[in-house]
Amino acid sequence: MTDGPEHATERALEVAAAADPDVDLTGIDPAVGRELVPLVRPAPEPESDARRSDVDRWGRSEHFRALTRRAFDPIYKHWFRVEWEGFEHLPEDGGALLVANHAGAIPPDAPSIMHGIEKDLGRPVYGLAENLFRGMPVVGTLWSRSGGVAAHPDNAYRLLHDEQQLVLVFPEGTKATGKLFTERYQLHRFGRGGFVEIAMRAGVPVIPIAVVGAEEAMPVLFKSSTLAKLIGAPYAPITANMLLMGPLGLVGYFPAKFRLRVLPPVHFDVAPGQERYSRSRVMDESERIRVTVQEALYDMLRARRSVWFG
């Protein structure tokens with residue numbers, strides 16, 4: 001039996017599909033004898049380099065930072081009522097190491113500095129801190145998402161030199177957050193000057209920041225060595241907030257007025273990228289920066305009329 005036109009058409013479609021998968025089989029006329037026309041497919045789009053997540057290599061998430069800024073903004077504006085001096089000293093581009101005094105059982109100065117710069121300058125700020133936070137469940141992840149980075153020289157160098165970021169560090173370390181209220185605004189030694197050496201190696205300036213108000217926001221009255229051993233912390237503070245507010249005092253701050261003074265950048269007349277720098281020069285520069293911040297604090301305290309109103 002001779003095949004009909006319809007059977008011939010179906011056979012032609014099968015052969016075409018097997019021979020050339022790119023042929024458009026949807027627009028063929030049922031009439032016998034019409035040639036099949038290859039489908040011209042658009043060139044494949046190049047793969048996007050965009051990350052599926054906005055979490056960068058350091059664990060920082062801009063989406064999470066936006067949420068934290070939104071939550072912290074009322075505290076920044078209406079509780080601490082933060083005021084800046086010398087904000088123009090902060091660079092709009094390029095790397096810089098921000099160095100500030102530190103205080104409070106749960107320090108409010110770091111989030112205040114980071115919030116103000118990100119909000120008004122529009123640049124992300126990475127905060128270097130002890131590895132203690134990274135080991136805490138949930139807290140470690142939230143800390144990283146907020147821009148916290150483990151305080152290691154290699155991390156600081158990559159952020160400052162390779163990525164030209166703003167990096168915040170508190171050279172006093174845990175000695176500052178663990179000091180008693182009777183020692184307020186008395187700066188401890190700025191470590192062994194490691195922050196100066198990193199800035200020299202990365203070829204970036206150090207920008208000192210003096211902070212007034214954090215000492216009174218959560219003052220430490222005394223410390224419990226027994227409790228510190230139980231929880232595995234360097235110190236266990238008992239604050240005035242805990243005594244006056246009860247459980248809320250663990251995280252609740254007093255409404256102290258915050259003033260932040262950004263001092264002129266400190267540049268180092270040395271070649272970047274060297275393996276070693278003069279130890280005496282590093283220590284001298286570190287002490288000079290510490291004294292500069294200390295004098296700024298004394299000047300701000302002399303001008304302050306009230307802890308609560310500035």
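Probe 1.4 Å, all protein chains in place: accessible area of THR141 in Å², nearest 10?
Accessible surface of THR141 is approximately 70 Å².
What ranking of ILE209, ILE231, ILE106 comes out by heavy-atom accessible area, probe 1.4 Å, highest first?
Numbers: ILE209 0, ILE231 105, ILE106 75 Å².
Greatest to least solvent exposure: ILE231, ILE106, ILE209.
Long-range amide H contacts for ILE207: which residues qualify at under 5 Å (H placed 1.01 Å from N, peptide plane, sequence gap of 5 or more or a different chain)?
Here LEU97, LEU98, VAL99, VAL266 satisfy the definition.
Take LEU90, LEU121, LEU67 and sort them by solvent-accessible surface of the protein heavy atoms, 1.4 Å probe, largest at the top.
Working: LEU90 10, LEU121 40, LEU67 80 Å².
Solvent-accessible surface, decreasing: LEU67, LEU121, LEU90.
Roll a 1.4 Å probe over the protein heavy atoms and report the accessible area of LYS119 in Å², nearest 10.
Estimated to the nearest 10 Å², LYS119 gives 90 Å².
Please give me the summed charge of the neighbours of GLY193: other residues whose Cβ is under 14 Å from its Cβ, Lys and Arg +1, Asp and Glu -1. Provide the component values of the computation, followed by the final result.
Values: positive: ARG189, ARG192, ARG201, ARG276, ARG279, ARG281, ARG288, ARG290; negative: GLU172, GLU197, ASP284, GLU285, GLU287.
Once all neighbours under 14 Å are counted, the net charge is +3.
Among ALA199, GLY249, PHE222, whose Cα lies farthest out toward the positive end of the dipole of region 188-252, if unit charges sit on the beta carbon of Lys, Arg (+1) and Asp, Glu (-1)?
ALA199
At a probe size of 1.4 Å, how large is the accessible area of SER280, to the nearest 10 Å²?
SER280 has an accessible surface of roughly 70 Å² with all protein chains in place.
Size of the dipole of region 176-278 about the Cα centre, Lys and Arg at +1 and Asp and Glu at -1 on the beta carbon, nothing else charged, in debye to 20? Each step should come with its number before you reach the end.
Details: 11 positive and 6 negative charges, 30 e Å.
Here region 176-278 has a charge dipole of around 140 debye.
Once you list every other residue whose beta carbon is under 11 Å from the beta carbon of LYS257, what net charge do they have if Lys and Arg are +1 and Asp and Glu are -1? Intermediate values should be presented prior to the final figure.
Working: positive: ARG81, ARG259, ARG304, ARG305; negative: GLU83, GLU216.
Surrounding charge for LYS257 is +2.
If you put +1 on each Lys and Arg Cβ and -1 on each Asp and Glu Cβ, how big is the dipole of region 50-119 around its Cα centre, in Debye rounded to 20? Intermediate results must be reported in sequence, preceding the final value.
Values: 10 positive and 11 negative charges, 96 e Å.
Dipole about the Cα centre, nearest 20: 460 debye.
Roughly what percent of Cα-Cα pairs across region 213-286 reach past 20 Å?
Across region 213-286, Cα pairs with separations above 20 Å total 59 percent.
Between VAL307 and HIS89, take the C-beta separation as r, use R0 = 22 Å, and let me know the FRET efficiency to the nearest 0.05.
Working: r = 26 Å, r/R0 = 1.18.
So, using R0 = 22 Å, E works out to roughly 0.25.
Diagonalise the Cα gyration tensor of region 87-206 and give the resulting equivalent ellipsoid semi-axes, square root of 5 times each eigenvalue, largest first, whole Å. List each step's numbers first, then the result.
Values: eigenvalues 92, 58, 48 Å².
So the three semi-axes of region 87-206 are 21, 17, 15 Å.
In whole Hz and in residue order, list the ³J(HN,Hα) couplings for region 232-249 that follow from phi through the Karplus curve 6.51 cos²θ - 1.76 cosθ + 1.60, θ = phi - 60°; x for Gly and Pro.
Using θ = phi - 60°, the values come out as x, 10, x, 7, 10, x, 10, 9, 5, 4, 5, 5, 8, 10, x, x, 4, x Hz.
Within the set of other residues whose C-beta is less than 13 Å from the C-beta of VAL307, count the net charge using Lys and Arg as +1 and Asp and Glu as -1. Display every interim value, and only then the final one.
On the way: positive: ARG81, ARG184, LYS257, ARG259, ARG304, ARG305; negative: GLU215, GLU216.
Value of the local net charge: +4.
The values are calculated or read from the model by the stated rules, or taken from the named source; none is laboratory data. Quick caveat: nothing in here was measured; it's all calculated off a predicted structure. Cβ: placed from backbone, ideal geometry, glycine included. Neighbour counts: every protein chain shown. Calculation scope for accessible area: heavy atoms of the full protein, side chains included, ligands and nucleic acids excluded. Shrake-Rupley method; radii C 1.70, N 1.55, O 1.52, S 1.80 Å.
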